[in-house]
Amino acid sequence: MVSIDEMQDILDELAEELPPIFFEHLNGGILLLPEAKASDYSRSGDLWILGEYHRSYSMGNYICIYYGSFEKLFYGLEYDGMVKELRKTLRHEFRHHIEGLAGEDGLEQEDKKAIEKYLAGY
């Protein structure tokens with residue numbers, strides 16, 4: 001497992017892959033938080049939130065990435081695999097940001113269906 005400092009470096013590099021227009025109105029930036037965040041829908045401690053997009057009038061728009069959740073889900077993953085999972089999560093959260101600015105909710109609907117599928121397994 002990469003350290004939180006290494007993950008911050010990876011996250012910075014991954015953010016640089018994205019076009020500058022993606023960062024418009026993301027005034028709170030990208031935050032890497034040390035904690036793990038369990039999903040409210042988790043039925044057996046197996047559903048962790050890797051990242052979240054937040055829209056707030058008081059704090060602005062920002063993305064949170066949860067190091068502890070990555071640690072719980074991908075502890076034994078090698079460096080390249082961690083980069084792949086972090087890239088996937090970051091782009092997912094940016095899609096929420098861009099769709100939110102456009103007044104779209106396609107990804108929210110996809111996320112909702114994934115939760116419904118998860119819950120149907122219990």
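Annotation: of all residues in the range 46-65 being hydroxyl-bearing (Ser, Thr, Tyr) and part of a strand (DSSP E or B), the one that is farthest from residue 98 (Cα to Cα) is 56. What are the residues in the range 50-97 that are closer than 21 Å to residue 112 by Cβ and among the aromatic types (Phe, Trp, Tyr), if any? Those that are closer than 21 Å to residue 112 by Cβ and among the aromatic types (Phe, Trp, Tyr): 53, 66, 94. Pairs are defined by a Cβ separation below 8 Å, a sequence spacing of at least 6 or placement on different chains, a first member in the range 101-122 that is at pLDDT 95 or above, and a second member that is in a helix (DSSP H, G or I); the pairs so defined are 105/99; 106/99; 107/92; 107/95; 107/96; 107/99; 108/96; 108/99. Of all the listed residues (43, 87), the sole one being outside any helix (DSSP H, G or I) and out of contact with any strand residue (DSSP E or B) (no Cβ under 8 Å at 6 or more places or on another chain) is 43. As for the range 2-19, it holds no residue that is modelled with pLDDT of 95 or more, closer than 19 Å to residue 55 by Cα, surrounded by 11 or more Cβ atoms within 10 Å (Cβ to Cβ) and in contact with a Phe, Trp or Tyr (Cβ under 6 Å, 6 or more places away or on another chain). In the range 20-37, the residue that is surrounded by the most Cβ atoms within 10 Å (Cβ to Cβ) out of those that are closer than 10 Å to residue 66 by Cβ and of a type outside the set (D, E, K, R) is 32. Of 31, 77, 26, 73, all but one fail to be part of a helix (DSSP H, G or I) and either among the aliphatic types (A, V, I, L, M) or on the phi > 0 side of the Ramachandran plot (or both); the exception is 73.
If only residues of the range 62-82 that are more than 21 Å from residue 35 (Cβ to Cβ) and not aromatic (Phe, Trp, Tyr) are counted, the one that is surrounded by the fewest Cβ atoms within 10 Å (Cβ to Cβ) is 80.
The values are calculated or read from the model by the stated rules, or taken from the named source; none is laboratory data. Remember, it's a predicted structure, so these values are computed and weren't measured experimentally. Note that each Cβ is placed from the backbone with ideal geometry, even for glycine, and that neighbours are counted across all protein chains shown.
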